[in-house]
Amino acid sequence: MRVRHAVDESEVPDWPDEEQIQQVFLNINNRNHVQEGAGFKADELREKLFRPELAEMLTDLRRYGEQASREPLPLLTFQLFRQFGRAGDRKAYEQVYFERRGRLAAVAMLALDAGTPHMVHALEEMLWAVCDEYTWCLPAHLGTGEAEQVAGNIDLFAAETVHMLAEIVALHRHHLDALVVERIRKEAERRIFTPLYREKRAYHWQIADHNWSAVCGGCCGMAALLLLEDQAMLLESTRQTIDCMKAFLSGYGEDGGCAEGIGYWVYGFGYFVYYAEMLLDYTEGALDLLQGSKIAAIAAFPLRIHLSGGTFINYSDSSEHEEIPSGLLSLLAVRFGMEVDLPLRIPRLTDDPCRRWAHLLRNVMWSDPVVYKRIHGEAAERANGGFIFQQLEWMVAKHALHMPLNVQGETSKPCSDREWVQVACSFKGGHNDEPHNHNDLGQVIIHCGGENILCDPGAGLYTQAYFAPGREQLFHISSAGHNVPLIGGCEQHSGRKAGAELLEFRLEPDGSEMQVLFDLTRAYPEATTLHRYTRELSWKAGEDCVGMNGIMRSTERAGGGSMDNPPDPVVHVDMATLRIIDTFRWKKDTEVSVAMSSLNESYVESQIVERWISRVRPVMEKEGRLRWQASQANLYMNYDAVHWQVQTEAVHTVDHDQVPVTFYRTSLIWKGNELTATKGEDGRAEDAETANIAPLEIVCQVDFMVIPHQGEAEVSPRESLYSHSDISMEK
């Protein structure tokens, strides 16, 4: 890993053009770069594999690899290959495919040990078997899978495979049978290099503004640097790959945000970095793609959306708990001077369902424990802060709440002696035509202590239906699976025209306050009677942020204590609040019928349904107040029980890895009653017959409160919070 200081974009040249690339290659010393391993040397890799921090990874590799060396590879049968086209199921084939890749990766790593010749023999058999595969692509990427669709086709996993084989050859060339090495070169030429670089076929991913361009281009480009000896083809490969990387980066704004989510940041930007580092090494530092303010912003993306405890904002097809490769993050932290607020965990190979060799190798080579120690011994306030991704319209505010270790006995201790817990909130705007899009404009996440309490379901299981027309009906993709309303029986619509308009935004630098106002009308084009829908969100976090001390005193004045039964002592408690005000206005030509329909309960109940998604089932403390009990905090919600009725349903589904998961969807359903009416110019309600001045308006206001658990003396919201007028339901 080359250690270089971050530089300002104005101080670096633009990316090289074709003439500059050619000049660089002409100046490179005539050397067999495969012998150099493109920055990875077998003896150095072997030495690093036995470092103490890699002990858990090594144990996993040994267990997995030893078993793999004794068992035959599972077969990619014809029936498995056909299963996707016939039934839309991609999981069965892919489980076998990735198991084969995983066994190969484990054995290739263990074969570095000179004392394991049986591993080298097993490695040769596995390499030969991969060369025998009908295709290196996944059936889900091959249409019907006919022969003409297979020949010359390059998808993500064909590209990953050729890259993996090329690096294994580079590391083990002295121990592998020459026939195995020659077979790999021939298959790489036939499947990848000839169609891509010699025939110059056009592939859709070459101009894609998402992860495909970086992964396909980068993997093929790295394999070319390791296997190709033809100088003209090396130049063509480098030119093509740099063009792919430009296309990839065009999908990012200057804010560095990844619309596909953190998982795809790891995938796309990870392979961008891997190629950039190999090219830097191959050209002896002459070609450096990893520089400039935009690249620095992209590098910072995971740290900006990390909430706490390894939990992330997970809009789009991502998980809350993505594994960030420790090698990738270490390199970026050193290169761009970033402070890492994640715990050091070097992922095991078997943690990755796709068993990716590229991450495994670089986690061994680049992981730096020192990078992960920089922030953990420092004050909690270092984790405070907020950020808005201007292009994505993602907002996040993070703030540390200080809480007494023991409320009744330790309240006089200074803050430095108190425990703290991280709270955070995030809002999302944008539009509904993003890569791996979910229909989720106005989505909200509330986080505390490593847990997203009000959450996003993230990615669902990838099937044929997941990417087919009608996909917006699926729970993980539909607005019905997000913290946004159903309006007039209509969910949010897909497409670029379904966009959020950001009207107002304010964020305190320390993450203690964030206010947003969205106009989300265009997200509901099928709600034909809707005139306008706005969502206002106000987040506050910090010490006594809504006057906790005043609440406690008002409880006492209300009769909470006496000489014989004195009130509890006044306690200052850090907390966080989120107020959401949704305002729905109806078109004038429909307001009379809407108002009159208040007597028709089935119609009115379909007018507005607010939804809140969680992994914890809430409990009704009393009418108008719900509580979600999380591991380190309670989340309370106040709502107007006069106008809204509540119901909670369990939604059973599977996540991206086909693991069963249950979400709870809590709905607030508009009751509709005689109070439903339009408003006159003086603000007073009018009856339906005279209602022609202003549109009918329905307002839903909810107040969420995050109150961390306080050990032995947790403050009861029954006696404190809900007597405060500032958080009552008012329209």
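The values are calculated or read from the model by the stated rules, or taken from the named source; none is laboratory data. It should be emphasised that the depicted structure is a prediction, and the values quoted were computed from it without experimental measurement. Cβ sites come from the backbone with ideal geometry, for glycine too, and all protein chains shown count toward neighbours. Just so you know, the surface numbers come from the protein's heavy atoms only, side chains and all, with ligands and any DNA or RNA stripped out. Shrake-Rupley method; radii C 1.70, N 1.55, O 1.52, S 1.80 Å.
Put simply, of 157, 193 the only residue that is among the aromatic types (Phe, Trp, Tyr), over 30 Å from residue 83 (Cβ atoms) and at pLDDT 95 or above is 193. Just one of the listed residues (140, 129) is modelled with pLDDT of 95 or more, small (Gly, Ala, Ser) and open to solvent by less than 40 Å² (accessible area, probe 1.4 Å), and it is 129. Listed by first and then second residue, the pairs linking a residue in the range 80-96 that is at pLDDT below 95 to a residue that is outside any helix (DSSP H, G or I) and among the basic types (Lys, Arg), with Cβ atoms under 6 Å apart and 6 or more places separating them unless they lie on different chains, are 84/90. On the stretch given as the range 50-90, residues that are closer than 22 Å to residue 165 by Cα and within 29 Å of the chain's Cα centre (by Cα) total 5. Residues of the range 274-304 that are open to solvent by less than 10 Å² (accessible area, probe 1.4 Å), in contact with a Gly (Cβ under 9 Å, 6 or more places away or on another chain) and over 25 Å from residue 386 (Cβ atoms): 274, 275, 276, 278, 279, 280. Taking (1) within 26 Å of residue 170 (Cβ to Cβ); (2) open to solvent by less than 60 Å² (accessible area, probe 1.4 Å); (3) in contact (Cβ under 8 Å) with a residue 12 or more places away in the chain in turn, residue 58 satisfies each apart from (3). Taking (1) assigned to a helix (DSSP H, G or I); (2) modelled with pLDDT of 95 or more; (3) among the polar types (S, T, N, Q) in turn, residue 549 satisfies each apart from (2). Every residue in the range 83-116 that is more than 22 Å from residue 129 (Cα to Cα), part of a loop (DSSP other than H, G, I, E, B) and open to solvent by 10 Å² or more (accessible area, probe 1.4 Å), please. Residues satisfying the conditions are 89, 113, 114, 115. Between 410, 378, the distinction of being modelled with pLDDT under 80, in a loop (DSSP other than H, G, I, E, B) and touching a Pro at 6+ places or on another chain (Cβ under 9 Å) belongs to 410 only. Taking the conditions exactly as written (open to solvent by less than 20 Å² (accessible area, probe 1.4 Å), within 22 Å of residue 453 (Cβ to Cβ) and not in a helix (DSSP H, G or I)), does residue 307 satisfy them or not? The answer is yes for residue 307.
Residues in the range 331-350 that are of a type outside the set (A, V, I, L, M) and free of Cβ contacts under 8 Å to residues at least 60 places away in the same chain were compared, and the one that is surrounded by the fewest Cβ atoms within 10 Å (Cβ to Cβ) is 343. Residues that are within 23 Å of residue 188 (Cα to Cα) and at pLDDT 90 or above: does the range 57-73 have at least one? Within the range 57-73, one or more residues are within 23 Å of residue 188 (Cα to Cα) and at pLDDT 90 or above. Number of residues in the range 243-296 that are assigned to a loop (DSSP other than H, G, I, E, B), closer than 28 Å to residue 353 by Cβ and more than 22 Å from the chain's Cα centre (by Cα): the value is 1.
The set of residues from the range 143-164 being of a type in the set (D, E, K, R), open to solvent by 20 Å² or more (accessible area, probe 1.4 Å) and touching a residue at least 40 places away in the same chain (Cβ under 8 Å) comprises just one member, 160. In the set 453, 477, only one residue is of a type in the set (A, V, I, L, M, F, W, C) and either closer than 25 Å to residue 708 by Cβ or in a helix (DSSP H, G or I) (or both); that residue is 453. Looking across 528, 534, one residue alone is outside any strand (DSSP E or B) and among the hydroxyl-bearing types (Ser, Thr, Tyr). It is 528.
Counting only strands (runs of 3 or more DSSP E) that fall entirely inside the range 613-676 and contain at least 2 residues that are under 30 Å from residue 91 (Cα atoms), the qualifying elements are 644-654, 660-670. Pairs under 8 Å by beta carbon, first residue under 26 Å from residue 500 (Cα atoms) in the range 532-548, partner modelled with pLDDT under 55 and surrounded by 20 or more Cβ atoms within 10 Å (Cβ to Cβ), six or more apart or different chains? Qualifying pairs under 8 Å: 532/695.
Of the residues making up the range 624-632, one or more are at pLDDT 95 or above, over 30 Å from the mean Cα position of the chain (by Cα) and farther than 20 Å from residue 584 by Cβ. Scanning the range 171-207 for residues that are without any contact (Cβ under 8 Å) to a residue 12 or more places away in the chain, open to solvent by 80 Å² or more (accessible area, probe 1.4 Å) and among the aliphatic types (A, V, I, L, M) turns up 179, 202.
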